[in-house]
Each structure stands twice: as structure tokens, then as C-alpha cells.
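Reviewing the structure listed below.
Just so you know, all these numbers are worked out from the coordinates, no wet-lab data involved. Model, not experiment: these values are computed from the prediction. Note: ideal-geometry Cβ built from the backbone for every residue, glycine included; neighbour counts use all protein chains shown.
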Amino acid sequence: MITPAYVKEMARYSAWQNSQLSSVVQALDEATLTQDRGAFFGSILGTLNHLLWCDQLWLSRFDPAAAKPEGKDTELCPSGDAWVLARGQCDLAISHWASGLDQSILDRDLTWHSGILQRDVSKPMAGCVVHFFNHQTHHRGQVHAMLTSAGSDAPVTDFIFLPEEG
């Protein structure tokens with residue numbers, strides 16, 4: 001289904017996207033970041049927090065050495081500056097995890113306890129990794145729409161414009 005090279009490239013894409021978002025977040029005032037915009041997770045910061053929380057959760061499932069997130073997903077970071085710092089740390093952890101993958105890891109099943117379903121779940125690891133990156137793209141798209149609606153410049157999101165490494 002997928003290869004370690006795909007995972008590394010998606011980790012690089014995700015970090016690039018989040019780096020661009022970090023620049024935008026740092027330019028916005030807290031009122032703009034926390035204003036309820038009628039989105040599923042309320043505000044820009046609430047949605048970014050949800051995404052970061054879920055990334056940390058999935059990473060802890062993929063890598064037992066990674067810490068599980070604590071608290072409510074939409075309240076993970078109380079400010080834009082705190083989110084920027086935590087997001088950067090998480091992206092480094094994702095890149096580190098991706099760099100250590102080999103195909104045998106992607107070819108096995110992943111088993112975890114689902115808090116939503118309140119039971120253990122087993123799924124193919126490759127499908128879980130695809131979900132992980134697809135979930136990021138989905139919620140960054142929501143943030144992009146909220147930023148545009150707020151009159152802010154939203155970053156380029158097209159994968160084909162991912163800068164070359166180096």
C-alpha cells in the first residue's frame with residue numbers, strides 16, 4: 001500500500017504546512033485565533049489544537065516511546081505561541097519516527113485501545129498511517145478556510161509546491 005519513502009515525504013509535507021501555519025498564527029492576535037467561527041472545533045486555535053492532540057495520540061500509538069497527549073483536545077495549547085512551540089516539537093518527533101520506519105513495520109497490524117469505541121481495535125498499520133496524514137490535511141483545510149474568512153493570507157497547501165529538500 002505505502003512505503004517508508006512515502007511516510008517520510010508526507011512527514012516533510014506536514015512539517016512544511018505547519019511551518020507556514022506557524023508564521024500565520026504568530027501574526028494573528030489571540031482574539032482572532034480564539035474567535036468561534038462555527039467550525040466543528042470552534043476557532044482556528046481550537047482546530048489547530050485538535051489536530052496537534054490527535055497527531056500526538058497517533059504518534060504514541062505508532063511509537064510507544066512517544067508521550068500521549070493530556071487534557072481536552074481543543075484546549076491543548078492556551079495560546080498561539082504555545083501552539084507554535086508544541087507543533088514544532090511534534091513535527092520533529094514525526095520526522096524522527098518516519099526516518100526509522102522500514103516496510104515490515106508498515107506491513108503489520110496496529111492494535112490500540114480506542115477511547116471513542118471503548119475497546120481494543122486492530123487495523124493495518126499502513127492504513128492507520130494514511131489516516132494520520134489524511135486527518136492532518138482535512139483539518140488544515142478547515143483552518144485554511146477560517147483564515148481566509150478572517151481576512152488573513154492562508155499558506156500554499158498544494159503538495160506539488162513542496163520545496164525540494166536542502
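Could you please find all residues in the stretch 128-166 being aromatic (F, W, Y) and over 16 Å from the mean Cα position of the chain (by Cα)? So that I can check it myself, show each step before the final result.
So in the stretch 128-166, the residues aromatic (F, W, Y) come out as 132-133, 159, 161.
Selection gives F161 alone.
Among (1) under 21 Å from V25 (Cβ atoms); (2) touching a Pro at 6+ places or on another chain (Cβ under 9 Å); (3) among the polar types (S, T, N, Q), there is one condition T137 misses while meeting the rest; what is its number?
(2)
Given the structure, is T148 more than 22 Å from L59 (Cβ to Cβ), part of a helix (DSSP H, G or I) and β-branched (V, I, T)? Steps first, answer last, please.
Numbers: more than 22 Å from L59 (Cβ to Cβ): yes; part of a helix (DSSP H, G or I): yes; β-branched (V, I, T): yes.
Here the answer is yes, as T148 does meet what is asked.
If you go through the stretch 86-127 one residue at a time, how many are outside any strand (DSSP E or B), under 20 Å from the mean Cα position of the chain (by Cα), of a type outside the set (S, T, Y) and surrounded by 13 or more Cβ atoms within 10 Å (Cβ to Cβ)? Write out each step before concluding.
Initially, the stretch 86-127 is screened for residues outside any strand (DSSP E or B), giving 86-108, 115-118, 125-127.
So of that shortlist, the ones also under 20 Å from the mean Cα position of the chain (by Cα) come out as 86-101, 106, 115-116, 125-127.
With of a type outside the set (S, T, Y) added as a condition, the list becomes 86-94, 96-98, 100-101, 106, 115-116, 125-127.
Still in the list and also surrounded by 13 or more Cβ atoms within 10 Å (Cβ to Cβ): 86-88, 90-91, 93-94, 96-98, 101, 106, 125-127.
Of the residues in the stretch 86-127, 15 are outside any strand (DSSP E or B), under 20 Å from the mean Cα position of the chain (by Cα), of a type outside the set (S, T, Y) and surrounded by 13 or more Cβ atoms within 10 Å (Cβ to Cβ).
Output the qualifying pairs, or none if there are none: Cβ atoms under 8 angstrom, residues six or more apart or on different chains, first residue in the stretch 13-41 and without any contact (Cβ under 8 Å) to a residue 12 or more places away in the chain, second residue surrounded by 12 or more Cβ atoms within 10 Å (Cβ to Cβ) and of a type in the set (S, T, Y).
The qualifying pairs are D36/S43.
Is it the case, given these coordinates, that S14 is in a helix (DSSP H, G or I) and surrounded by fewer than 19 Cβ atoms within 10 Å (Cβ to Cβ)?
The answer is no for S14.
Take the stretch 123-166 and flag every residue that is of a type in the set (S, T, N, Q) and over 17 Å from R12 (Cα atoms).
Q142, T148, S149, S152
With respect to G42, is the statement that it is surrounded by 12 or more Cβ atoms within 10 Å (Cβ to Cβ), small (G, A, S) and closer than 28 Å to Y6 by Cβ true? Talk me through it step by step, then tell me what you get.
Details: surrounded by 12 or more Cβ atoms within 10 Å (Cβ to Cβ): yes; small (G, A, S): yes; closer than 28 Å to Y6 by Cβ: no.
Answer is no for this residue.
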